[in-house]
1. Run the accessible area of chain A with a 1.4 Å probe and give the carbon-and-sulfur part as a rounded percent.
2. When Lys and Arg each count +1 and Asp and Glu each count -1, what net charge do the other residues less than 10 Å away from B:Val357, Cβ to Cβ, add up to?
3. By how many degrees, 0 to 90 and rounded to 10, does the Cα axis of helix B:111-121 deviate from the longest principal axis of chain B?
4. How high is the FRET efficiency from B:Phe248 to A:Leu133, r the C-beta distance, R0 56 Å, rounded to 0.05?
5. For the stretch B:12-108, what's the relative contact order in percent, using C-alpha pairs closer than 8 Å and at least 6 residues apart?
6. Can you list, bin by bin at 10 Å, the percent of alpha carbon pairs in the protein assembly as shown, starting at 0?
7. Between beta-carbons, use under 15 Å as the cut-off and find the net charge around A:Glu223, counting Lys and Arg +1, Asp and Glu -1.
8. Each residue of the stretch B:275-283 in order: what ³J(HN,Hα) in whole Hz does its phi give by Karplus 6.51 cos²θ - 1.76 cosθ + 1.60, θ = phi - 60°, with x for Gly and Pro?
Amino acid sequence: MSVLAATALDDVGSAAQRPRRSLNGWSIALFIYATAFYLFLYGPIAIIVLLSFNNSEVTGLPFRGATTHWYEVVFARPDLMSALFNSIALGFISAAIATAMAFFLGLSFRRDYVGQQLVLGLVLLPIILPGILGGIVLLIFFGYLGIRPGLYTTVLVAHVNWVLPFAFLTLNGRLQGLDRAVEEAAMDLGARTHQVMLRVVLPIIRPALVATLLFSFSLSFDEFIRTLFVMGYDRTVPVVLWSAIVDRLAPELPAMAVITILISTAGSLCGFAFAARASKRQA
Amino acid sequence: MANPPTKEMPAAIQLDTATPISVSVRNVYKTFDTTPALKDIALDIRRGEFFSLLGPSGCGKTTLLRSIGGFETPTSGTILIDGKDVGGIPPYGRPTNMIFQQLALFPHLDVYENVAFGLRVQKKPKEQIDGRVKGALALVRLEGYERRMPSQLSGGQRQRVAMARALVNEPSVLLLDEPLGSLDLQLRLQMHEELRRLQRTLGNTFVFVTHDQGEAMSMSDRIAVMNGGVIVQLGTPEDIYERPQSRFVAQFVGHTNLFDGKVIRIEGSRVTVESDGISLAATTPTPVELGQAVTVVVRYERLGLGAGDTTLRGNVAERMFLGGTVRVVMALSGGRLVTADIASTAATGLPAIGEPVALTFNASDSRVLVA
Ligand SMILES: Nc1ncnc2c1ncn2[C@@H]1O[C@H](COP(=O)(O)OP(=O)(O)OP(=O)(O)O)[C@@H](O)[C@H]1O
Ligand SMILES: [Mg+2]
């Protein structure tokens, strides 16, 4: 016993010493790399935030004093506001549809059936298909069917199509990890199939469901390329942002960007929080 | 259902006709894809009996239990519970409750709600639910833990929640699938007593699955020993231990020395068997003939150092102190090993390793196995 404990301690000791020995070489390089990484990742975002408060008609530096004027401009523009509303509404609807579809797909994957691999491949395909190709394919598809472009028709389908594989990947792990014995126990105690679903399965996976909804929302909110191909009159935030750059150098652009970033990161962060709760519950 | 099974039915011999039959399994077969998991299982379990299914891993214990609970459909054969054919009835329609090997508590519900689950889905009145849940928690001595989540409980406490959750529904038959597997020895022994106490208090039928022969011995009224999807012997713990009917049972239940040999002398039920040039005195439960090939079974603890009908001589190859007993492994001159468990108090004069030793046993303590 004591011998075992001593060897265990030795192991800990040597493990603690290893990084100290190589502190000079590798870790300095790693430190520089990490610094550069975060600088490139968050630097532009920081600059955008800074510029959104810049009291200047021209987008760019130098910084001429702080103002919230551009936020007022954004909130005063009806086309921007309606785009924001469109994006949020579309985000929630496509998230709800994709999550529901992911849930039932995941349930079906708990049993083996013929063609399962094919279904999985088809569900995951949009991830590997380049966005521009996906957009073109959808455009041709809707053209053939004679469906007029519209926010809650073509764009919604495009978004669900794009979001579903991610929703599936988020939710499926949780569903497959669900102990079948727990469901059997419920049934053994007298629960019918629907009671097992409502009283056991759904409550247990609820955090994972919420996480999936939020991730899906963020993905839909940010989607641009496919939307561009299939949209009608009603625009989403990314499309409006893009046309603002193309048409003219709009000074309110940074403020719009910051609002977009806030909404989509808020969605993802809440998603992560729920995902963490979900995995804690699983343990 | 009306026509009695034609095949041999070991349980039928044991049955006390006064006690009604709780679970009757009749000629049940179960095949998964191509793997036969149960082959012609037939047994009757009496009401209020503590019945164990004992056997090595993969012998079909869980499959049989799940078939009774309604989680597996037998490929053929019938199962009756309280006299009613339960074929086609799903788990929620059977008067059984199961305690799963992994316990399968509801992770999102606290102790109280876990126990109340069965009553809630059956839409029992509120005040009745509260009374029964409290009663069940008192029964397993978990008062005061109502608001704990399963993750905040010790293994033994979880175990008792699973018990309360099943018992609160007052099942006619309680099915237990190795529920004590994850507990340490101390806790297991404690739970053994608790289970026995519960079963005596409630009087319902317990069908208990285990691969631990000690566990089965200490708790059961009767045991069915299974191997390879077949019931190889059915009887009281004493029957199984004292009168194993096959090599498998002799070896699986308790520690056993086996000697293969030929019958060289018969005096009533007492016979002498010659095995590798050694003469062994033994008792035979069934008539044997001279020259018949048989196996002599001698349990470790039936060998001693004093005088006996048979004396085996060799050298001590190994000795292990086991607490109450000392285990001695003796090598015969031919190299064959014989093991004996000697009471520690009697083991003072035991020779050291390598020294010659004589182990003895009486004919009444060794049994002849035919086949
Ligand atoms: N769902 C299944 N599909 C295919 N084969 C199965 C299935 N369930 C059990 N088996 C097989 O049936 C046989 C009996 O399994 P069972 O689970 O009843 O054994 P057991 O006696 O409970 O073993 P253990 O002590 O390890 O729990 C095994 O060979 C097993 O591989
Ligand atoms: Mg098992």
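1. So the carbon and sulfur contribution to the accessible surface is 72 percent.
2. Here the count lands on +1.
3. In chain B, helix B:111-121 runs at an angle near 70 degrees to the longest axis.
4. The computed FRET efficiency comes out at 0.30.
5. 29
6. All Cα pairs considered, the percentages come to 3, 11, 15, 15, 15, 14, 11, 7, 5, 3, 1, 0.
7. 0
8. For the stretch B:275-283, the Karplus curve yields 9, 6, x, 10, 9, 10, 8, 8, 9 Hz.
The values are calculated or read from the model by the stated rules, or taken from the named source; none is laboratory data. Given the structure is predicted, the values throughout are model-derived calculations rather than measurements. Quick reminder, even Gly has a Cβ in these numbers, built from the backbone with ideal geometry, and neighbours come from all protein chains shown. With ligands, DNA and RNA removed, areas are computed over all heavy atoms of the protein, side chains included. Shrake-Rupley method; radii C 1.70, N 1.55, O 1.52, S 1.80 Å.
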